[in-house]
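Working notes, structure below.
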2 protein chains.
Amino acid sequence: MSLAQALFAPRAVALVGASGDAKKNTARPQRFLAKHGYAGRVLPINPTRAEVLGAKAYRSVVEAPGPVDHAFIMIPEVEQALEDCARAGVRVASVFSDGFADRGADGAARQARLAARARELGVRLLGPNSMGVIDLPGRLALTVNAVLEMDAPPSGGISMVSQSGTMLGTVLSRGAARGLGFAKLVSVGNEADLGVGEIVGLLADDPATRVILLFLETVRDAARLAEAARRAHAAGKPVVAYKLGRSALGERLARSHTGALAGSDAALDAYFRDCGILRVDLLEALFEIAPLVEGRTPPRLVHAPRVAVVTTTGGGAASVVDRLGLSGIETVAPGRDAPIIDLTMAGTSAQYAATLDSLLDSPECDAVLAVVGSSAMFHPQHAVEPILRARRTAKPLAAFLTPHADASLALLAKGGVAAFRTPEACADAFRAYFAWQVPRSRVSSPDIELKMRDAKFDEKSALELFAALGVAVVESQVARAPAFAHSVPYPVAAKILSAEIAHKTEAGGVVLDISDENDFRAKTKPLAKLGDTILVQRMERGLAEAIVGYRDDPLVGPLVMVGAGGVLAELYRDTVLRLAPVSVDEAEEMIEEVKGLALVRGYRGLPRGDVRALAEAVAALSRLALARGRPVAEAEINPVIVKRQGAVAVDGLVVPKE
Amino acid sequence: MSLAQALFAPRAVALVGASGDAKKNTARPQRFLAKHGYAGRVLPINPTRAEVLGAKAYRSVVEAPGPVDHAFIMIPEVEQALEDCARAGVRVASVFSDGFADRGADGAARQARLAARARELGVRLLGPNSMGVIDLPGRLALTVNAVLEMDAPPSGGISMVSQSGTMLGTVLSRGAARGLGFAKLVSVGNEADLGVGEIVGLLADDPATRVILLFLETVRDAARLAEAARRAHAAGKPVVAYKLGRSALGERLARSHTGALAGSDAALDAYFRDCGILRVDLLEALFEIAPLVEGRTPPRLVHAPRVAVVTTTGGGAASVVDRLGLSGIETVAPGRDAPIIDLTMAGTSAQYAATLDSLLDSPECDAVLAVVGSSAMFHPQHAVEPILRARRTAKPLAAFLTPHADASLALLAKGGVAAFRTPEACADAFRAYFAWQVPRSRVSSPDIELKMRDAKFDEKSALELFAALGVAVVESQVARAPAFAHSVPYPVAAKILSAEIAHKTEAGGVVLDISDENDFRAKTKPLAKLGDTILVQRMERGLAEAIVGYRDDPLVGPLVMVGAGGVLAELYRDTVLRLAPVSVDEAEEMIEEVKGLALVRGYRGLPRGDVRALAEAVAALSRLALARGRPVAEAEINPVIVKRQGAVAVDGLVVPKE
């Protein structure tokens, strides 16, 4: 019996703590299994009753007749129940009970012990704090989620994994009301054992699943999820994520130097992108997008995305077009003057469908959107008929309905056409679709041996480390008191060399633009008061400054960042992140996305800087991800001076792991 | 008979071009008037029929029995119909027919003639290209909008004015499905005569209207709408706008669609704010916000807004909290440790309601939001009962329902509680509510006499104009070839003085940091090749540069702008706009909102600049709005150098009106 079978298609389930009071949450799994037609055996476990809701009850899982593949634990004594499961040969235990990582440090310790014991016993755990597992085509409703009070929710190809149990209900109830069909829904709870990544892996292999939705609060198993997302991609199954924690609260958690520029949500954003996971911004877009991506692959456009909008209602179409424009998506009308294709006077349904077909064939647009007005409310069949008649091609076809029109939405869903309730969710889904990338293949075998001679890197040793990685660094020499003799050609800059003084400029420890030896003697005198050793550097000038960062993120692993330099860029949080390492070509793509680096891209006739050289520095620093043992926690080159020819690292820091 | 009576409560309506084919659009007004119980006389005008849909028809309005207060014109021969209306003493003609400003320059000219003739005749026009007028409590459905096929849409206090006729239907159908009740709905079409402003004025005086919604593509009568918004505010009626044209394409589309000049969206944003009009970003927030603001006034907080979130579902609440956070709204839980108030185990409905009441009383939060989970789907009455039991106070109380739960939404709406379908619309409504301002009282009588001596201002004369307004400007002198003699104290800067050379820096016409007379002679030599006259200025240094601008916007009138200086700030579009003039205090508030000017607000321990002095420059430039005849089209001070003490205008331009 495979894990997937035990989880989704168990021959028998034990309900540990099943209540005989039909109104209680703990009675729900038994009621729901019966209501939705589970074909296996249901075994209530309740030591105080001989019978629960009409079924014979057992004192423990051990006493229940085997084989039992899956147990659902709803009692506080989870540890004892787990032991019983192991003795009874149960393969998977889903744990609804809470009081684990959801309840402070003590709870987290309890959870660690539970997970360790489960491993010893060979029982896989879902949860704790999980609301269970639903398989609609398989008629398994092993859950306490009240959404299963619903009669006959529609089966289909959408599966979902959620870190919030209640949001499974939210998506299932809203999706079902639109006629969207679901396959498997899994509430992973605290992920003590089975995590999002492993479940996505199972869904990648599941014939009933065609699209995978994720509702996430964080990512606990980034490597496994990345691997599973790649498998899903290979199987032609898009993975779409909605993740909480975009606001300041999550951002504040990042407390590192580069953290100020690149918070944890930005890290996960980079991660999703590189894993080929689409990310939606709006909650309803999470399920509304499913038919838009089902059976499709990342669009890989080399131009700005173009959507052809066909409408019978001007104002309604404008509300989506406006929103698409905010995401940089163009609206086009191949072969027409107007920006929108108005079919108010189109005549027959066949003519409407023919227009859609010709647009789906046209090389001049990348997607087709039909906007339907009030007819969708009063004549649903008639209103959506031409859209349903249009051919299904690799190019996405979607609809936005302006009135309240649930029946039309459901007809479109049943016909496999993505149908949106709001202009915003529609535009969000298109944005996510066009941003969708093929999973990046990531070199992960270490090939660099780093000499981490310092526990605390000063500026000189940081620059040496960057040079060792292949970054072009400024010519510099260490000079010592009293004379500070050096042989760097003038003009130079001089900085006090100390890992102790954090803010050298504010401390008066930096002197720039030293033109000759006299100037040098005069200007370095005050530095002697701060310390014995200074760093003398060739004075570099360029067109603009950039910042390049590296961070070994605790959630998603090594990241590389590039942004415009200076305090303004910091204020505007104008940085771009990718999983590290990146190639020079990938680094150039990153630089393209930094608004402030327009300064070196020839903005407003300004001279062009050596973007390739900056990209080389980004790629070189990103190779910290390949260092054996990954000894660096963080590194930052700030600034890289971008010149007409070349780009030079002038200052930086390295923070080794503890 | 007042305009409002003729428009909304006519004793008789003439339907010019009423069709006898019930399926045609032009048959709709007659069908809808009957269906929704209009009590007045309905007079079909159709020269080819003696009877239309069972009612006696007349050859023209002139032949119909009077008095006729309102005519609805649906024929191409609008001009003739208008003459007939005048002869028959019709007070208002609503024109559905199109082919006016919606159809190119010829159409616009036709419209101008029609409007002029209507003025001569004393007939008020709604439209052309209007879908008509609906008054639900008054049982008037004088419209071609198919949404009136609906049976008994609920009456209530929400009125709406729309530049898109179809969007009236969108909002009415979606609102009605949620149990929201509407009063008057007006499709203003091309606004040849009656515009949004005048209609809002009527609604401000309308006892049945409690909230006014606007669906806008542009603003054609800014002064009148501003005045009407003030009257609505005085009458305690919030005005909420959703406006298209936020994206560049959307703006272009709004223009081509209505034949109107669409303004820059940022200008309209400033305009709405200063008029006390709330602006929502999401379409559904436009009507969902109504109960949140009804009977309330702008919150006038002096701290970041705080919402107390009460929930029975963690994941659902988190999705709103996250979104609120993105808008800078804090989530608080007075007297509790957790950020969210979890009432999953709250016990009775009375206890839940008591919690809500205590939060509504608490000085520690500014609004209360209840998030309801799956119970809203299966037990609507039970789920929303405690929310409906909570007291109604000046503090807003709202609900977000996580599942598909139309019945619960309708119960809340009927109870006067704002109920949201999506976390995003909920957060958008709270954002708009907290950003809501009391209409600004705007000094508008001219009190400045400007000497506009130049048709083309050079830099010197621009600086003189700024100085005349009260802006502190850099010490400067005009100097002439060959010696360029001057008495400005060193260090100085020198610039070629010419209104012809647009890009002085690129042309080599600017020299900075001239330290003494020798330096001056050497560095000004190349300038002599560019022209005879230079401007010598004291070399100013400060903490940061700002840009201050003025524009007499064709739509909304004089605007003043402040932003961070430099090319990066330009790249990030980091500017703040207000209607001009502004006081120094208002200018300080504007400066607070410019991200990049954190540089002079003590960001990261940087020295603080003289923000007050910058504000004085902003206020001074904004007084261009008070110049008699408003002769200036545009003016820009770029840069203002902000120093530790003082702020000095160093360069700028002035563009007089043609």
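The values are calculated or read from the model by the stated rules, or taken from the named source; none is laboratory data. Quick caveat, the model's predicted, so the values are computed rather than measured. Neighbour counts are summed over all protein chains in view; Cβ atoms, including those assigned to glycine, are modelled from backbone coordinates with ideal geometry. Heads up: the accessible areas ignore ligands, DNA and RNA and are worked out on the full protein's heavy atoms, side chains in. Shrake-Rupley method; radii C 1.70, N 1.55, O 1.52, S 1.80 Å.
Quick notes
- Qualifying residue in the range B:378-394 (condition: in contact (Cβ under 8 Å) with a residue 60 or more places away in the chain and closer than 22 Å to A:Ser164 by Cβ): no
- The lone exception for A:Gly169 - which of (1) among the small types (Gly, Ala, Ser); (2) surrounded by fewer than 21 Cβ atoms within 10 Å (Cβ to Cβ); (3) part of a helix (DSSP H, G or I) it fails: (2)
- Number of positions in the range A:193-225 that are surrounded by fewer than 24 Cβ atoms within 10 Å (Cβ to Cβ) and touching a Pro at 6+ places or on another chain (Cβ under 9 Å): 2
- Residue within the range B:148-160 that is at the interface with chain A (Cβ under 10 Å from one of its Cβ atoms), buried (at least 24 other Cβ atoms within 10 Å of the Cβ), farther than 22 Å from B:Ala425 by Cβ and of a type in the set (A, V, I, L, M) present: yes
- Residue selected from the range A:413-441 under the condition open to solvent by less than 10 Å² (accessible area, probe 1.4 Å) and small (Gly, Ala, Ser), by the criterion farthest from the other protein chains (Cβ to nearest Cβ): A:Ala418
- Residue-level check: of (1) within 19 Å of the chain's Cα centre (by Cα); (2) facing chain B (nearest Cβ under 9 Å), A:Glu294 misses just (2).
- Flag for A:Ala93 being within 17 Å of A:Asn46 (Cα to Cα), in contact with a His (Cβ under 9 Å, 6 or more places away or on another chain), open to solvent by less than 60 Å² (accessible area, probe 1.4 Å) and away from chain B (no Cβ under 14 Å): yes
- Of all residues making up the range B:234-248, the number that are over 16 Å from B:Ala222 (Cα atoms) and away from chain A (no Cβ under 14 Å): 5
- Residue within the range A:118-134 that is charged (D, E, K, R), over 30 Å from A:Leu214 (Cα atoms) and surrounded by 15 or more Cβ atoms within 10 Å (Cβ to Cβ) present: no
- Pairs linking a residue in the range A:272-283 that is within 14 Å of another protein chain (Cβ to nearest Cβ) to a residue that is open to solvent by less than 10 Å² (accessible area, probe 1.4 Å) and modelled with pLDDT under 95, with Cβ atoms under 6 Å and 6 or more positions apart or on different chains, are A:Leu283/B:Ser319.
- Selection from the range A:297-316 of residues that are more than 13 Å from chain B (Cβ to nearest Cβ) and under 13 Å from A:Ile341 (Cα atoms): A:Ala308, A:Val310
- So B:Arg480, is it among the charged types (D, E, K, R) and surrounded by 19 or more Cβ atoms within 10 Å (Cβ to Cβ): no
- Sole residue being crowded, with 17+ Cβ neighbours inside 10 Å and at pLDDT 95 or above, chosen from A:Val600, A:Val654, A:Val611, A:Val576: A:Val611
- Members of the range A:191-220 that are within 13 Å of chain B (Cβ to nearest Cβ) and in a loop (DSSP other than H, G, I, E, B): A:Glu217, A:Thr218
- Yes/no for B:Pro558 being open to solvent by less than 20 Å² (accessible area, probe 1.4 Å) and either more than 14 Å from chain A (Cβ to nearest Cβ) or among the hydrophobic types (A, V, I, L, M, F, W, C) (or both): yes
- Residues satisfying the stated conditions in the range B:506-539, i.e. surrounded by fewer than 13 Cβ atoms within 10 Å (Cβ to Cβ) and touching a Phe, Trp or Tyr at 6+ places or on another chain (Cβ under 9 Å): B:Ser515, B:Asp516, B:Glu517, B:Arg521
- Residue within the range A:562-569 that is open to solvent by 20 Å² or more (accessible area, probe 1.4 Å), within 13 Å of chain B (Cβ to nearest Cβ), out of contact with any Leu (no Cβ under 8 Å at 6 or more places or on another chain) and not β-branched (Val, Ile, Thr) present: no
- Only one entry of B:Gly542, B:Gly629 meets the criterion of being on the phi < 0 side of the Ramachandran plot, more than 14 Å from chain A (Cβ to nearest Cβ), over 22 Å from the mean Cα position of the chain (by Cα) and open to solvent by 20 Å² or more (accessible area, probe 1.4 Å), and that entry is B:Gly542.
- Residues located in the range B:205-231, provided they are free of Cβ contacts under 8 Å to residues at least 40 places away in the same chain and closer than 23 Å to B:Ser164 by Cβ: B:Asp221, B:Arg224, B:Ala228
- Selection count where residues are in contact with a helix residue (DSSP H, G or I) (Cβ under 9 Å, 6 or more places away or on another chain) and closer than 17 Å to A:Leu3 by Cα, scope the range A:85-126: 17
- Members of the range B:409-449 found to be over 23 Å from B:Ala394 (Cα atoms) and at pLDDT below 95, listed by number: B:Ser441, B:Arg442, B:Val443, B:Ser444, B:Ser445, B:Pro446, B:Asp447, B:Ile448, B:Glu449
- Selection status of B:Leu168, within 14 Å of chain A (Cβ to nearest Cβ) and either in contact with a helix residue (DSSP H, G or I) (Cβ under 9 Å, 6 or more places away or on another chain) or modelled with pLDDT under 95 (or both): yes
- Checked against (1) open to solvent by 20 Å² or more (accessible area, probe 1.4 Å); (2) more than 23 Å from the chain's Cα centre (by Cα), B:Glu589 meets all criteria but (2).
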